[in-house]
Amino acid sequence: MYREESEKQQKLEDFYMPFGGHLDEENRWVILSKKVPWREIEKEYKEKLGDTEKGAPAKPLRVALGSLIIKEKLQISDREVVEQIRENPYLQYFLGFERYDDKAPFDSSMMVHFRKRLDGELIHKANEIIFKEYQETLRKKKRKMKKKLKKMKR
């Protein structure tokens, strides 16, 4: 069973931290959270899981995929992924949580399920979308640079 998440990014200033303060918008996890095409991948993820009403609800795509991204980026074990998420408000923000919570968001054994559900095809699609967005960003930067150079030559 899968309950679709409303995949709107939590505003940085609205992310609740019980000890006060705010998250830094220049943090690598905050930046990456804006680059991952969560919505596009969630559609396929939901289709893959089917509409069964049996069993416990699946974790949201953002938690599943985000946890796998954290694991790969930090090169850590499944248990360490859960501990890092539990301890780090930036990782919790990256996973789409609304507030910091010092409890483990799931058992480390769930990482096995995440890997099974998010096969290479979904990961490949996410990479393609991110790469296309990156290429478009580069094109825009080149155009801006060309305009600046033209103005400077005048």
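Every number in this text was worked out from the coordinates using simple rules, so none of it is lab data. The structure presented is a predicted model; accordingly, all values stated were derived computationally and were not measured. Cβ coordinates were reconstructed from backbone atoms using ideal geometry, including for glycine residues, and neighbour counts include every protein chain displayed.
Can you name the helices of the chain, as whole DSSP H runs, whose Cα span along the helix axis is 18 Å or more and whose Kyte-Doolittle mean is not below -0.5? Those that clear 18 Å and a mean of -0.5 are 61-74.
Protection proxy ranking of 145-154, 40-49, 90-99, by the mean of other Cβ atoms within 10 Å over each peptide's residues and highest first, is 90-99, 40-49, 145-154.
Electrostatic tally near Glu133: other residues with Cβ closer than 12 Å to its Cβ, Lys and Arg +1, Asp and Glu -1, net +2.
Across the chain, Cα-Cα pairs more than 22 Å apart make up 49 percent of the total.
Based on DSSP H segments of at least four residues, each scored -39500 (n - 2.57), the chain has a per-residue ellipticity at 222 nm of -19000 deg cm²/dmol.
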